[in-house]
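**Student:** Below is one structure. I have some questions about it.
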Amino acid sequence: MEQKQILEQLKGLTTETINQDSTNIDIVPTIEKLRIINNEDQKVAAAITDHLPAIADAVDAITIALKNGGRLIYLGAGTSGRLGILDAVECPPTYGVDYNTVVGLIAGGDAAFIKAQEGVEDREDCAIADLQSVNLTQFDIVCGIAASGRTPYVIGGLKHARNVGCKTIAVACNSNSLIGQYADYKIEVSAGAEVVTGSTRMKAGTTQKLILNMLSTATMINLGKTYKNLMVDVKTSNAKLEARAKKIIMEATDVDFETAAYYLQLANNHVKTAIVMILNQVDYATAQSLLQNADGVIRKIIVRNPL
């Protein structure tokens, strides 16, 4: 695409327009610079509110895909790609899922996470190769992320995913995005012009982060990865997480620290099993069986009608 064509595309993007409230940010005192940035950041959550139904539809689609053995695969370039990876890598320790359940792909590969790889975001074929490298199947769901909504790498990935038979999601920070044309579920949230014109790592990045938080968190809750608002599938992979696991057991069952520690050990460090053992007064094997029959959802075991 010629530079003039790209320029014409950029002119129509909210993320590339001039923010009239920050035109003097270079000459005001530091505290005023921060007030301007903070005031703009506060617009992000409000901008997402009207798009909650679209996000909910995407969450339900992701939930179905994961229940059927598929994966959630994030796809993006630059900041968008890094945010997808960030969300993906946090799911295993928080919710006990396999590292292959939520996958983050970034244009340029893993090296691009810490150092920009020039030119790769402009190549649709790179996304196809990346998706092929993780053995994309029709059971997966692919979420393309692009602040501008026009990144060729993301467009190429969404096109390929559709050809494979996957459901697709587009997360953009401009309305009527190009990536939205290749998505079954469009989430297009504009929080307005950036404080520094075109610096989409700021408000657009924050918008994307909040949306990805919702997509993965609500999905994991749907899959029974929480009991009430407690992360009962947390992995005890370090001292902090082990302490958190015991605290979760204490909160869920109203036992003391020593009892929580005792049952966590009996449950082979599986928080959810320890909770069921305590609340139902059953042994390890019975608790495991109950959880298996309830698809891992504690509410189905503890109360007849959780609503």
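The values are calculated or read from the model by the stated rules, or taken from the named source; none is laboratory data. Remember, predicted model here, so these are calculated numbers, not experimental data. Quick reminder, even Gly has a Cβ in these numbers, built from the backbone with ideal geometry, and neighbours come from all protein chains shown.
**Student:** Could you list all residues from region 115-155 that are among the small types (Gly, Ala, Ser), in contact (Cβ under 8 Å) with a residue 12 or more places away in the chain and over 22 Å from residue 15 (Cα atoms)?
**Tutor:** Answer for region 115-155, where residues must be among the small types (Gly, Ala, Ser), in contact (Cβ under 8 Å) with a residue 12 or more places away in the chain and over 22 Å from residue 15 (Cα atoms): just 127.
**Student:** Right, something else. Which residue out of 114, 179, 155 is in the same structural domain as residue 52 (by TED's automatic domain parsing) and surrounded by 24 or more Cβ atoms within 10 Å (Cβ to Cβ)?
**Tutor:** 179
**Student:** Also, quick follow-up: With respect to the numbered conditions (1) assigned to a helix (DSSP H, G or I); (2) modelled with pLDDT of 95 or more; (3) among the aliphatic types (A, V, I, L, M), which one is the sole condition not fulfilled by residue 28?
**Tutor:** With (1) assigned to a helix (DSSP H, G or I); (2) modelled with pLDDT of 95 or more; (3) among the aliphatic types (A, V, I, L, M) applied to residue 28, the lone miss is (1).
**Student:** Which residues, taken from region 38-62, are surrounded by 16 or more Cβ atoms within 10 Å (Cβ to Cβ), closer than 25 Å to residue 196 by Cβ and out of contact with any Asp or Glu (no Cβ under 8 Å at 6 or more places or on another chain)?
**Tutor:** 44, 47, 48
**Student:** Kindly check whether there is at least one residue in region 123-137 that is in a helix (DSSP H, G or I), modelled with pLDDT of 95 or more, among the small types (Gly, Ala, Ser) and touching a helix residue (DSSP H, G or I) at 6+ places or on another chain (Cβ under 7 Å).
**Tutor:** Within region 123-137, one or more residues are in a helix (DSSP H, G or I), modelled with pLDDT of 95 or more, among the small types (Gly, Ala, Ser) and touching a helix residue (DSSP H, G or I) at 6+ places or on another chain (Cβ under 7 Å).
**Student:** A follow-up question, please. Within region 192-221, which residues are surrounded by 19 or more Cβ atoms within 10 Å (Cβ to Cβ), hydrophobic (A, V, I, L, M, F, W, C) and closer than 25 Å to residue 141 by Cβ?
**Tutor:** Of everything in region 192-221, those that are surrounded by 19 or more Cβ atoms within 10 Å (Cβ to Cβ), hydrophobic (A, V, I, L, M, F, W, C) and closer than 25 Å to residue 141 by Cβ turn out to be 204, 211, 212, 215, 220.
**Student:** If you check residue 287 against the conditions, is it under 26 Å from residue 63 (Cα atoms), without any contact (Cβ under 8 Å) to a residue 24 or more places away in the chain and in a helix (DSSP H, G or I)?
**Tutor:** Taking the combined requirement at face value, the residue satisfies it.
**Student:** Going through 95, 74 one at a time, which residue ends up being crowded, with 20+ Cβ neighbours inside 10 Å, outside the structural domain of residue 272 (by TED's automatic domain parsing) and farther than 24 Å from residue 188 by Cβ?
**Tutor:** Going through 95, 74 in turn, just one is crowded, with 20+ Cβ neighbours inside 10 Å, outside the structural domain of residue 272 (by TED's automatic domain parsing) and farther than 24 Å from residue 188 by Cβ: 95.
**Student:** Ok, one more. Could you tell me which residue of region 154-174 is nearest to residue 200 (Cα to Cα), considering only residues that are part of a loop (DSSP other than H, G, I, E, B) and touching a strand residue (DSSP E or B) at 6+ places or on another chain (Cβ under 8 Å)?
**Tutor:** 173
**Student:** Give the residues of region 98-119 that are assigned to a helix (DSSP H, G or I) and either modelled with pLDDT of 95 or more or in contact with a strand residue (DSSP E or B) (Cβ under 9 Å, 6 or more places away or on another chain) (or both), sorted by residue number. If you could, list the steps in order and put the result at the bottom.
**Tutor:** We begin by selecting, within region 98-119, every residue assigned to a helix (DSSP H, G or I); these are 110-113.
112, 113, listed by residue number.
**Student:** For residues in region 167-176 being in contact (Cβ under 8 Å) with a residue 40 or more places away in the chain and more than 18 Å from the chain's Cα centre (by Cα), which is surrounded by the most Cβ atoms within 10 Å (Cβ to Cβ)?
**Tutor:** In this case the residue turns out to be 174.
**Student:** Kindly check whether there is at least one residue in region 189-212 that is hydroxyl-bearing (Ser, Thr, Tyr), modelled with pLDDT of 95 or more and in the same structural domain as residue 175 (by TED's automatic domain parsing).
**Tutor:** yes
**Student:** Taking residue 34, is it in the same structural domain as residue 137 (by TED's automatic domain parsing) and under 19 Å from the mean Cα position of the chain (by Cα)?
**Tutor:** no
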